[in-house]
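The values are calculated or read from the model by the stated rules, or taken from the named source; none is laboratory data. Because the structure is a prediction, the values reported are computed rather than measured. A quick note on method: Cβ atoms are made from the backbone with ideal geometry, for glycine too, and the neighbour counts reach across all protein chains shown. Heavy atoms of the whole protein, side chains included, go into the accessibility calculation; ligands, DNA and RNA do not. Shrake-Rupley method; radii C 1.70, N 1.55, O 1.52, S 1.80 Å.
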Amino acid sequence: MAIDRADLPSNGELAGLLQTIADYLSLDGESQYRILAYERAAALFSGHPVSIAEMASHGALRELPGIGAALEAKVLEYMATGRVAFLEKLRERYPEGLLTVMHLPGMGPKKTRLVWEAAGVADIRDLERACREGRIREIPGMGERTEAKLLRAIEAWAAKTAGEEGLRRLRSLVEPQAAHMVAALRALPAVVAADHAGSLRRLRPTVRDIDLVVASFDPGLVMDAFSTLPELARIEERGETKLVATTHTGLGVDLRIVGPQSYGNLLQHSTGSADHNVALRGYAQRRGYKISEYHVEHLESGRLITCATEAEVYGSVGLAYIPPELRENQGEIEAAEAGRLPDLVDLPDLRGDLHVHSDWTDGRASLETMAVAARDRGLTYLCFCDHSQSLAMTGGLNPERLLAQIEAIRALDARLEGIRVLAGIEVDILADGRLDLPDDVLARLDFVTASIHSGFGQPQARIMERLANAVRNPYVRSIGHPTGRLLGRREPYEVDVETLARLAVETGTYLEINGSPDRLDLTAPAARRAAALGAALVVCSDAHSPSDFENLRFGIGEARRGWLRSDDVANTRPWESLGRSR
Ligand code: DGT
Ligand code: CA
Ligand code: ZN
């Protein structure tokens, strides 16, 4: 049966539907279990490469993990009638504006119901008014500081929804789709070369769209074939050498095609960043050249230099090849001119991972499964840093369980060949600045990472006292995810990275680049600054399952964007020489 794709709801629309149900259920105080089922399905739909609606119409939806009869029925009901009765009932009970209120940092379902019932807040504008009029502080459990914080959150929300910033997606979610498209292009006989470009290639943590470039003598043929890819929902525009499309997940795709002789010019142009390109053009102009996406022109002679590779583009104006990760106009052109580009750290340089969880807390795999996975990736040491007791939701370890885990790790290390397995902890830095475990327990470990997981709203002075206290503890070797940001979900707490880096240098404490794709914390600019001040970094996965070792690749990406060389990253060294610097 031929299906007109335009008539079917997109994956994004169906994911939105399930997420809305999940949101109303949390507002309604439904069980976490039930909410999670909808949220997981929504995440699955939104990242799914082929049309969910098409699958549903073939009765194939329940082949997807976690999709049961109830969920399938709601999707089919929506496809048939454009509505879901179950959701409509929930909608009758709560004003829609409450959902935005609920998602503000610092709110959540309970407080949202509270401000609705106690102050008549039905949407974000009501909340803003209530804060400004001092009506929120009257509600038990809320105060003046809550009001100030909410006003800041509302401001951030307004800024985010006004600009395009809100539409950026995690690179980790977009990369697989881009890789699939590049592979499909490369498989075409008419394609000489194909790559992804743009922010994706520069390894930015978030991206707005997928930029693709192709070398071919037959752009029409390439575009015909590309247009039939099942992940594309719509073709928006098609020109002679350019195509713009949208995927089922609502992502934009820009495809550009040139002859192979100019492929380097196009790849360089489309990789950007726009700021880098502007600076590069300025530099070239001062030397008598003009750079475009088709060629480099020698202005005096009018000679056109077409470049099959990017290295030729940079070389034609007297520059060394600049890796994409550095192309942010942060001094890379000057460094290339002076021959001082850093020899960037790379994934194979990493020898160990110092921040990994197991099923002793909120990890999903056993110590052994994790260690074997690390060994399979070529790591020579692995340090478990599970959570400490104050994080009760994760099953955090108290001294007794930690000591038992140390035993288990020692036994595993004794029987496992090919990788050194070490015992550590991600000890929580409590809101009052104390560490969550006593020194005599920390003293038993090979490595201690200290991290903040609470009191995110504290003023900078308090946050810095807590961090200073942690780095000064003689057993703490590293600060985990030092700013606490969660991309798209939580702003960093008020850390002064400069001061933290100085403290780290003073005490010989490592600062982590946490490789979780939604953390990437420290950020590249902060890591670069810290390294310049003399701090040593560690790049860790924060893995909670074997597949999360992939996070190391993301962490290394951020390290490279931060200009780090392998000397700047301590876990490129063998465990034995990861000695203390104090
Ligand atoms: P994004 O999409 O916001 O994640 O970031 P980019 O860097 O991928 O930006 P995008 O997709 O708008 O453009 C891709 C590349 O094309 C960009 O990095 C450089 C080049 N480009 C686009 N527009 C301009 C422009 O107006 N001037 C210059 N010099 N380059 C541009
Ligand atoms: Ca882009
Ligand atoms: Zn953590």
Some residue of the range 395-412 being assigned to a helix (DSSP H, G or I), at pLDDT 95 or above and of a type in the set (Val, Ile, Thr): yes
Answer residue from the range 278-294, given it is under 28 Å from Leu255 (Cβ atoms) and either surrounded by fewer than 19 Cβ atoms within 10 Å (Cβ to Cβ) or within 16 Å of ligand 3 (Cβ to nearest atom) (or both) and is farthest from the chain's Cα centre (by Cα) among those: Lys290
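Leu437: more than 16 Å from ligand 2 (Cβ to nearest atom), open to solvent by less than 30 Å² (accessible area, probe 1.4 Å) and under 22 Å from Thr394 (Cα atoms), yes or no? Outline the logic, then answer.
On the way: more than 16 Å from ligand 2 (Cβ to nearest atom): yes; open to solvent by less than 30 Å² (accessible area, probe 1.4 Å): yes; under 22 Å from Thr394 (Cα atoms): yes.
Considered against the rule, which asks whether it is more than 16 Å from ligand 2 (Cβ to nearest atom), open to solvent by less than 30 Å² (accessible area, probe 1.4 Å) and under 22 Å from Thr394 (Cα atoms), Leu437 comes out as yes.
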Unique match (being open to solvent by 50 Å² or more (accessible area, probe 1.4 Å), at pLDDT 90 or above and basic (Lys, Arg)) among Arg91, Arg168, Arg135: Arg135
Within the range 295-368, strands (runs of 3 or more DSSP E) holding 3 or more residues that are open to solvent by less than 30 Å² (accessible area, probe 1.4 Å) and among the aliphatic types (A, V, I, L, M): none
Qualifying residue in the range 520-527 (condition: within 16 Å of ligand 1 (Cβ to nearest atom), at positive phi and within 18 Å of the chain's Cα centre (by Cα)): yes
Verdict on Ile305 being away from ligand 2 (no atom under 16 Å from the Cβ), over 27 Å from the mean Cα position of the chain (by Cα), within 30 Å of Val50 (Cα to Cα) and at pLDDT 95 or above: no
Any hit, the range 275-294, residues being in contact (Cβ under 8 Å) with a residue 60 or more places away in the chain and more than 16 Å from ligand 1 (Cβ to nearest atom): no
Selected residue [among the basic types (Lys, Arg) and within 16 Å of ligand 1 (Cβ to nearest atom)] from Arg202, Arg238, Arg234: Arg202
Residue within the range 115-126 that is surrounded by 13 or more Cβ atoms within 10 Å (Cβ to Cβ), β-branched (Val, Ile, Thr) and farther than 17 Å from Ala153 by Cβ present: no
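Are any of the residues in the range 374-381 surrounded by fewer than 23 Cβ atoms within 10 Å (Cβ to Cβ), in contact (Cβ under 8 Å) with a residue 12 or more places away in the chain and within 16 Å of ligand 3 (Cβ to nearest atom)?
Narrowing the range 374-381 to residues surrounded by fewer than 23 Cβ atoms within 10 Å (Cβ to Cβ): 375-380.
Going one step further and asking which of them are in contact (Cβ under 8 Å) with a residue 12 or more places away in the chain, we end up with 375, 377-380.
Restricting the remaining residues to those that are within 16 Å of ligand 3 (Cβ to nearest atom) gives none.
No, the range 374-381 contains no residue that is surrounded by fewer than 23 Cβ atoms within 10 Å (Cβ to Cβ), in contact (Cβ under 8 Å) with a residue 12 or more places away in the chain and within 16 Å of ligand 3 (Cβ to nearest atom).
Looking at Thr228, Thr249, which one is free of Cβ contacts under 8 Å to residues at least 12 places away in the same chain and either more than 12 Å from ligand 2 (Cβ to nearest atom) or β-branched (Val, Ile, Thr) (or both)?
Thr228
Being in a helix (DSSP H, G or I) and open to solvent by less than 30 Å² (accessible area, probe 1.4 Å) is true for just one of Ala22, Ala43, Ala70. Which residue is that?
Working: Ala43 fails: open to solvent by less than 30 Å² (accessible area, probe 1.4 Å); Ala70 fails: open to solvent by less than 30 Å² (accessible area, probe 1.4 Å).
Residue meeting the stated conditions: Ala22.
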Qualifying residue in the range 320-329 (condition: closer than 30 Å to Pro219 by Cα, modelled with pLDDT of 95 or more and over 25 Å from the mean Cα position of the chain (by Cα)): yes
